[in-house]
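This report concerns only the one structure given below.
The values are calculated or read from the model by the stated rules, or taken from the named source; none is laboratory data. Just so you know, these numbers come straight off a predicted model, no measurement behind them. No Cβ is skipped: glycine too gets one built from the backbone with ideal geometry, and neighbour counts run over all protein chains shown.
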Amino acid sequence: MKILNRFWKWWYQYHPKPSKYTRAEALAIAKRYNLEYGVITAMEHGCTPDEALQDWDIYPNESDV
């Protein structure tokens, strides 16, 4: 059982959940706040669209959409 738990910890470390937003949707959200350049830069450095939006504190809540 320990080996299985270690496997899943490793798996989720290197295989994060898929993004809720696509790259185009993330850029549309960033455009509202004039942060396109920051979001593009974050995604070029390996962030998912969700992580890039969270990095700039503009990840929308369900009530914002």
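So is residue 46 exposed (fewer than 15 other Cβ atoms within 10 Å of the Cβ), within 27 Å of residue 13 (Cβ to Cβ) and not acidic (Asp, Glu) or not?
yes
Go through 5, 61 for me and flag whichever is at pLDDT below 85, part of a helix (DSSP H, G or I) and polar (S, T, N, Q).
From the options 5, 61, the qualifying one is 5.
With the structure loaded, tell me whether residue 40 is part of a loop (DSSP other than H, G, I, E, B), surrounded by 10 or more Cβ atoms within 10 Å (Cβ to Cβ) and modelled with pLDDT of 75 or more or whether it fails that test.
Details: part of a loop (DSSP other than H, G, I, E, B): no; surrounded by 10 or more Cβ atoms within 10 Å (Cβ to Cβ): yes; modelled with pLDDT of 75 or more: yes.
So residue 40 does not fit the description; no.
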